[in-house]
Structures are given as C-alpha cells and as structure tokens.
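Q: Structure incoming, see below.
The values are calculated or read from the model by the stated rules, or taken from the named source; none is laboratory data. Because the structure is a prediction, the values reported are computed rather than measured. For neighbour counting, all protein chains shown are included, and Cβ atoms are generated from backbone atoms with ideal geometry for every residue, glycine included.
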Amino acid sequence: MKLDDFNNIDFKNVGSLPMSVKFVLLGALSLVLIVLGYFLLWSPEIDELEQAKAKEQDLRQTFLTKKAQAVKVEAYKQQMIDIEKTFGALLKQLPDKSQMDGLLTDINQAGLGRGLEFELFKPGQEVVADFYAEMPIQIKIKGNYHDIGAFATDISKLSRIVTLNDISIAPLNKDQKDSVLIMEAVAKTYRYLDSSEVAAKKAVEIKK
C-alpha cells in the first residue's frame with residue numbers, strides 16, 4: 001500500500017481498489033460513524049444516564065433518611081405518652097376554680113399551725129396564662145425564725161403548687177434584740193382553667 005493509492009482513488013470504481021486501501025477506507029468510515037454516533041446519539045443518552053444516577057443517589061439518601069425517621073417513630077410515640085403522663089401528673093397538682101378557697105385556707109392554716117400571726121393575707125388579681133391562672137397572695141406574718149422557716153417548709157409540702165417569692169425578713173423591733181421577726185412575701189399559687197374559661201380566652205384572642 002502506497003500513498004499514491006490514496007491520492008488516485010476513484011470512488012466510482014471502489015471495487016477495483018487494493019484490499020489494503022479498502023480496509024483503511026472502511027476503518028476511516030467506521031471512525032467517522034462512531035464519532036457522529038457519539039455526539040448525535042450516545043452523548044445525550046450518557047447525559048441522561050448521569051442525571052439518572054444522580055437522581056438515584058438523591059432518592060437513596062431520601063429513603064435512608066425516611067427509614068431512620070420511621071425507625072424512631074415508636075420511640076417518639078412512647079416519648080409523647082410519657083410527656084402526656086408527666087403533664088397530667090403536674091396538672092393534677094393544680095386545683096380547679098372550686099378548690100381555690102380550700103387551698104387558701106391550707107396556706108393560712110400552715111401559718112397558724114406554726115404559731116405565726118398573720119398581719120396581712122390578701123389574694124391579688126389572677127394572671128391568666130395558656131391553660132392555667134396564677135394568683136398572687138400578699139402575706140405578712142409575725143413569729144420567730146424557727147417557726148417562719150417551718151412555715152416555708154410546710155408550704156413546699158402542700159399537695160398543691162405554692163411558691164414563696166419576694167421574701168423579706170426583718171426584726172419586729174429594730175431597736176430591740178428579740179427573736180420576733182416579720183416576714184413579708186408573695187405566695188403564688190396556680191389553678192388550671194376549665195373548658196369554658198379556655199374557650200372564652202380563645203374567643204378573646206380571635207377577636208384581637
């Protein structure tokens with residue numbers, strides 16, 4: 001096969017060309033077809049394949065994430081049950097509206113039972129929250145240090161939630177060194193709102 005064989009190719013009489021030239025031409029034609037096929041047919045298909053692979057990876061990751069969440073569903077359900085039980089137990093420590101008078105009496109009796117003298121016991125205006133109401137009670141009691149401390153302990157042991165805030169303790173007579181003290185504080189107790197109160201509160205909020 002010589003270079004002149006390619007310079008003098010007669011495409012009208014291809015059949016008479018040497019076999020070696022035919023193989024070269026066939027190889028060149030095949031290469032051209034492969035290149036054209038790649039750019040016209042295979043390249044778009046390859047791009048789609050790569051996109052499909054990327055989408056598969058996204059779907060696989062989404063599946064693994066959902067699977068992990070599904071595995072935790074039962075744990076979440078149990079956690080919600082535990083939270084509801086805890087909330088219910090705390091809610092039981094809040095009296096309803098009809099029990100507030102009895103709770104105020106218990107606070108008063110806790111002081112009297114320790115031999116303390118009430119100079120002030122004044123329930124204030126309720127502060128309404130989401131599902132409960134807070135009632136502040138201004139108190140001023142007189143007694144010795146031990147009895148006042150025992151009173152505070154008794155308050156903490158009540159079956160209902162009562163807290164002592166803004167506590168101030170001072171001698172009854174500043175000029176005399178006696179054991180009688182005056183304690184001023186704000187006792188705060190809480191009650192839960194009944195269904196009618198919750199409904200009324202929501203109605204007011206909607207109007208706003």
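Q: Quick one: in region 113-139, which of the residues that are under 43 Å from the mean Cα position of the chain (by Cα) and of a type in the set (Gly, Ala, Ser) is farthest from VAL186 (Cα to Cα)?
A: Once the filter is applied, the top-ranked residue is ALA129.
Here is a yes/no grid of residues against (1) without any contact (Cβ under 8 Å) to a residue 24 or more places away in the chain; (2) surrounded by 15 or more Cβ atoms within 10 Å (Cβ to Cβ); (3) hydrophobic (A, V, I, L, M, F, W, C):
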| site | (1), (2), (3) |
| --- | --- |
| ASP130 | yes, no, no |
| LYS140 | no, yes, no |
| ASP154 | no, yes, no |
| ASN173 | yes, no, no |
| ALA187 | no, yes, yes |
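Q: Given the conditions (1) surrounded by 12 or more Cβ atoms within 10 Å (Cβ to Cβ); (2) part of a strand (DSSP E or B), which single one is not true for LEU158?
A: (2)
Q: Right, another one. In region 60-116, how many residues are at pLDDT 75 or above, closer than 23 Å to ARG160 by Cβ and aromatic (Phe, Trp, Tyr)?
A: Qualifying residue count for the region: 0.
Q: Right, here's the next one. Scanning for something closer than 23 Å to ASP101 by Cα and within 45 Å of the chain's Cα centre (by Cα), does region 140-147 turn up at least one residue?
A: yes
Q: From the residues in region 153-174 that are modelled with pLDDT under 85 and under 32 Å from the mean Cα position of the chain (by Cα), which one is farthest from LYS140 (Cα to Cα)? If you could, list the steps in order and put the result at the bottom.
A: In the first step, residues of region 153-174 are kept if they are modelled with pLDDT under 85; the result is 159-161, 172-174.
Now restrict to residues that are under 32 Å from the mean Cα position of the chain (by Cα): 159-161.
Values: SER159: 23, ARG160: 21, ILE161: 20 Å.
The qualifying residue farthest from LYS140 (Cα to Cα) is SER159.
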